Amino acid sequence: MNSVAPLTKRASWRSLHDHFGKIQGQHLRELFAQDPSRGRTLGVEAVGIYLDYSKNRITQETLKHLFALAQESGPRSAIEAMFRGDAINITENRAVLHTALRASRDANVQVGGKNVVPDVYEVLDRMGDFCNRVRSGAWKGHTGKPIVNVVNIGIGGSDLGPVMAYEALKSYSDRSRKFIFVSNVDGTDFAEAVQGLDPAETLFIVASKTFTTQETMTNAQTARDWLLEGLGAGHEAVAKHFVAVSTNASKVSEFGIDTANMFGFWDWVGGRYSMDSAIGLSTMIAIGPENFLEMLAGFRAMDEHFRNAPWEKNIPVLMALLGIWYNNFFGSSSIAVLPYDQYLKRFPAYLQQLTMESNGKRVTLEGNLVDYDTGAMYWGEPGTNGQHSFYQLIHQGTRLIPCDFIAFCNTLNPLGRHHDLLMANVFAQSEALAFGKTIQEVRSEGTAEWLAPHREFDGNRPSNVLLLDRLTPPALGKLVALYEHIVFTQGVIWNLDSFDQWGVELGKVLAQRIVPELESPATPQLHHDSSTNALIERYRTARHRG
Ligand code: F6P
């Protein structure tokens, strides 16, 4: 439990409030004019990431107050509690130790009096061995053919991490194999995924922490039927075509997968923090064990930076504080994440679960309703596509949407002028957002008076630019860990349990209740509200179920 004062009663919060009154009207044009060196001084470089945060609506005084907020909110001790394995997920009484998944082999992380690092490496080594067998063709399907198609079946953290990482690191992947991700309970997802696949060459990875998730278990059963029917084989074929990734060995064997073909992890790994665990099996098959371990090293580098760097040089802490500045003082409700790299096309979707399932909470650790806003909505698309879609609203709309631009100095696909053009766009966008174009500038171009307001850009729209060298496995690890730690820092300041997700439960329970009402041949007695009853009746009629 947090022993510090409630957020809005903290001295630093009140100072920030007063300071906001003074600074909110200041334009980034003025801030840059007052301090021409700002573009260099408000930048920080660590573990191969350069963060330019100069185009934020802050001064040195803002930073002083934000650091005081960090200090007063106790993240230093919270960080240590997380890394140490304290049960900081208090509503589930669990440790939160995704950092142990990427600890070095000789590290010692105690959970319940036991060092868990040897267990982590035991699983990583088994995964490596399995991946090598699949990649070399030594692992054969039931009919003796090697595996060509790898289908990951999972949802939420058991899907978004694997698919995001596969897409991000495609350039490092084994191109002779096809990697497919099935998540939705909508049968279309499975049907389209297996179009044209030969079951004899297909491996299914059933990835589910609990092994009870409706979507995943339904897809896994459909996959088993598809496989056995396609092979014309009996249950004995399952062992060569199904492996499981889970914390729940009994449910895995109940499903019919031999636990010898199971890769485990632990209840101290949250679903949305699990891509470094065995949930990353598909990633490892795609990019190979060495690259996977390099990705983990990237995570570890960011973990160490987060744990040790002072606030003013700490990239996750700086970004977390800036997020709070806009969320809680400027009233921004969302953050756009705009990767200028096509390989990161699923990164915003990945961040949506990470950020919103973690900090989309309205009660404090003590169970009191908060009197401030918490988690922002994260969204985005890769540049430059977003520019021709929603950027209009970011530039000229009525809402303040802080942006995180992510870009790489070197491309993995050096084709003609493409990369210079891409990078010119990142720099131009953050410049246009910050400085805009005044009405005088518009008029001086000879624009008609009636048209001038439409062509004015008021600017003063904040952004961060994250600049890295190249999208490598460690770079991806650093980026993901960066956002994990932003979420953590904000959760500590907002005094939330960032590691539970009770908000997803009610819908699941109600859906279970409705399933038999849709499927029953006899007309069911419905006891919902009149809207839900009418929708169920309409559906049954459309499906000729009386
Ligand atoms: O959406 C709720 C949730 O529990 C997520 O937190 C989790 O990542 C996802 O469902 C999948 O859960 P599992 O891995 O247990 O199937």
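Observations on the structure shown:
- Taking all protein chains as they are arranged and a probe of 1.4 Å, the heavy atoms of GLU517 leave approximately 30 Å² accessible to solvent.
- Given charges at Cβ of Lys, Arg, Asp, Glu: the stretch 368-482 dipole, positive-most of ALA475, TRP450, PRO382: ALA475
- Considering only GLY39, TYR50, GLN24, the residue lying farthest towards the positive end of the dipole of the stretch 18-59 is GLN24, judged by Cα position with unit charges set on Cβ.
- In terms of its C-alpha gyration tensor, the stretch 348-399 comes out oblate, because a/c is 1.5 or above while a/b does not outweigh b/c.
- Model label sites at ALA260 and ARG307, defined 7 Å from Cα along the beta-carbon direction, differ in position by 3.8 nm.
- HIS142 contributes an accessible area of around 70 Å² to the protein surface, as traced by a 1.4 Å probe with all chains present.
- Highest mean packing first, where packing is the average number of other Cβ atoms within 10 Å per residue, the peptides 269-278, 420-429 line up as 269-278, 420-429.
- Peptides 127-135, 502-510 ranked from most to least packed by the mean count of surrounding Cβ atoms within 10 Å: 127-135, 502-510.
- For the stretch 252-269, 3J(HN,Hα) per residue [Karplus equation, 6.51 cos²θ - 1.76 cosθ + 1.60, θ = phi - 60°, Hz, x = Gly/Pro]: 5, 6, 4, 6, x, 9, 4, 5, 5, 9, 10, 10, x, 8, 9, 5, 7, 10
- Gyration tensor verdict on the stretch 373-472 (Cα atoms; rounded if a/c is under 1.5, prolate if a/b is larger than b/c, oblate otherwise): oblate
- Farthest positive-ward along the stretch 166-237 dipole, Cα basis, beta-carbon charges - from LEU231, MET217, TYR172: TYR172
- Proximal aspartates and glutamates relative to LYS240, as straight alpha-carbon distance under 18 Å, when same-chain residues fewer than 8 apart are discounted: ASP129, ASP198, GLU201, ASP225, GLU229, GLU254, ASP258
- By accessible area with a 1.4 Å probe, ligands and nucleic acids excluded, highest first: order of LYS170, LYS64, LYS22, LYS145: LYS22, LYS64, LYS145, LYS170
- Per-residue 3J(HN,Hα) values for the stretch 48-64, derived from phi via the Karplus relation 6.51 cos²θ - 1.76 cosθ + 1.60 with θ = phi - 60°, read x, 10, 9, 10, 9, 10, 6, 8, 10, 7, 9, 10, 4, 5, 4, 4, 4 Hz in sequence order (x marks Gly and Pro).
- Amide H contacts of LYS437 (H built 1.01 Å from N, in plane; Pro and chain starts excluded): PHE457, ASP458, GLY459 sit under 5 Å, all sequence-distant by 5 or more or on other chains.
- Cβ crowding within 10 Å averaged over residues, with 312-320, 76-84 ranked highest first: 312-320, 76-84
- Mean separation of Cα contacts under 8 Å (6+ apart) over length of the chain, as relative contact order %: 18
- Over the chain: helical MRE at 222 nm, DSSP H runs n ≥ 4 each giving -39500 (n - 2.57), nearest 500: -13500 deg cm²/dmol
- Estimated dipole of the chain in Debye, rounded to 20 [Cβ of Lys and Arg +1, of Asp and Glu -1, Cα centre]: 340
- For ASN464, the amide hydrogen comes within under 5 Å of the amide hydrogens of CYS403, ASP404, PHE405, counting only partners 5 or more places away or on other chains and with H modelled in the peptide plane.
- Gyration tensor verdict on the chain (Cα atoms; rounded if a/c is under 1.5, prolate if a/b is larger than b/c, oblate otherwise): prolate
- Full extension of the segment from THR212 to VAL504, taken as 0.36 nm per residue of separation minus the current Cα-Cα distance, would add 103.7 nm.
- Amide H contacts for ILE49 (H built 1.01 Å from N in the peptide plane; partners 5 or more residues away or on another chain; cut-off under 5 Å): none found.
- ³J(HN,Hα), Karplus 6.51/-1.76/1.60, whole Hz, each residue of the stretch 359-374, x for Gly, Pro: 10, x, 10, 10, 10, 7, 4, 7, x, 8, 4, 6, 10, 8, 6, 10
- Think of each Lys and Arg Cβ as +1 and each Asp and Glu Cβ as -1; about the Cα centre, that makes the dipole of the stretch 1-82 roughly 200 debye.
The values are calculated or read from the model by the stated rules, or taken from the named source; none is laboratory data. Being a predicted model, the structure only gives us computed values, none of them experimental. Neighbour counts are summed over all protein chains in view; Cβ atoms, including those assigned to glycine, are modelled from backbone coordinates with ideal geometry. The area values use the complete protein model at the heavy-atom level, side chains included, leaving out ligands, DNA and RNA. Shrake-Rupley method; radii C 1.70, N 1.55, O 1.52, S 1.80 Å.
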